[in-house]
Amino acid sequence: MATYFAMPKLGLNMTHGVILGWLAEEGDEIEEGAPLVEVETDKAAQDVEAPVSGVLAKILKAVGEEVPCNSVIAVITAQGEALPNDIPGEVAKGVAPKLEIQSVSGSSAKSPATEKSSASQKRVSISPSARKLAAELGVDISTIVPKGSRIKREDVEAARLAMQAGATSTGQLVTKQVMTSTRRKIADRMNKSARTVARVGMTVEVDATKFVAKRQSTLIDGKKVSYNVLLAKQVATALKAFPYMNAQINGDDIWEFEDVNIGIAVDTERGLLVPVMQAVNRKDVETLQKEFLSMTGRAVEGKSTISDLGGGTFTITNLGSLDIDSFLPVINVPECAVLGMGAIVEKPIVEDGVVKVRPLMKMTLAFDHRLVDGAPAGRFLKRLKELIEEMAD
């Protein structure tokens, strides 16, 4: 009896998924529970396991395709069983529940499969190293014509050279890249933020003397703690004192959250990702540091999970390592606010009539004026400044 394996619903708001790579080829024997396909939803990549044991008889969706939830992406048969003549396009109407599959006999399927006639649409496999190189070079996998039955690194490199050699009618060299699903998701969220949020920004300059000293003196597994983690802990303390900043709009209601879940913006080859540290207010710095390194590591490697990227109530973005003094960040909707951290720079200040040099840092708070007014937001930022300047060694 054939099993029609559908695009699973891996998150509450997921409606489509992108096939990042098949982990088996047509004709391979597969085991129930073994990773079968890598799927990207929103910004997360996740391996989906085979629902049953058998033979991967037919792959219906190629690498790079964006597929609606509950659309059939592959057919699994028993050893020696023939591929059904009619393959349904989907397993059910509406959005499928998580990992929904449907097992039916070949004769009972009603909807015919969509056949692709173009040679350019022929499905081929790709080696993991080639897929990684394609992502690094910005090459659309669906445009690569391999020399053999499997896309290899040399095929990706050839496609890149062909892209660079493309010319417009005026003779100007151009590089054309298909927007990735991650880039599209970022664009959609930024557009939504710009359209719906009444963004206001305010900046303070902080004496970071004790902040720097705290990082120097806090070693975890022999390494200095991250500035992001130290800042997140102070932000959580301030948010507990001013809970209206740890909030979001939901319809006509304002929700204030008990726990402080802080997202940290991470620059990756796939684009901006925001792993979220859960319940920062209830964890110590050592625990947070280990969680931070683990989540950011997965983000950089393109292995973030759905849970890594969900549930944030406040976001921190740090451009200090790029020598950016200050910037106005975009609010990660539906959150109330985001904090931008700039570079720590030694500057002269006047203290009791004496000029001294101190490490100073600018922080910019962008907040949604629909949720909070300027003065209350200012009180939160003022308290955060005090917490950083008063940190114990």
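Throughout, read-outs are computed from the coordinates displayed, never taken from laboratory work. Keep in mind it's a predicted model, so treat the numbers as computed, not measured. A quick note on method: Cβ atoms are made from the backbone with ideal geometry, for glycine too, and the neighbour counts reach across all protein chains shown.
Sorted fewest first by neighbouring Cβ atoms within 10 angstrom, Ser53, Ser217 come out as Ser217, Ser53. Between Glu205 and Arg153, how high is the FRET efficiency from 1/(1 + (r/R0)^6) when r is the Cβ-Cβ distance and R₀ = 51 Å? Nearest 0.05. FRET efficiency, Glu205 to Arg153: 0.55. Just so you know, the Rg over Rh for the range 183-389 is 0.96, from Cα atoms, with Rh as the Kirkwood radius. Residues Val330, Val75, Val204, arranged from fewest to most other Cβ atoms within 10 angstrom of their Cβ, appear as Val204, Val330, Val75. Compared with the alpha-carbon gap, the fully stretched path from Thr268 to Glu389 is longer by 40.4 nm at 0.36 nm per residue.
Applying a DSSP loop filter and a limit of 13 other Cβ atoms within 10 Å to the GluC sites (Glu not before Pro) in the range 250-288 leaves Glu258, Glu269. Sparsely packed loop sites in the range 324-381 (the trypsin sites (Lys or Arg not before Pro) outside DSSP H, G, I, E and B with at most 14 other Cβ atoms within 10 Å) comprise Arg370. When the listed pairs Lys224/Lys347; Lys224/Lys283; Lys240/Lys362; Lys233/Lys347 are checked against a 20 Å cut-off, the alpha-carbon distance exceeds it for Lys224/Lys347; Lys240/Lys362; Lys233/Lys347. For the range 317-393, GluC sites (Glu not before Pro) are listed when DSSP marks them as loop and at most 16 other Cβ atoms sit within 10 Å of their Cβ; the list is Glu390.
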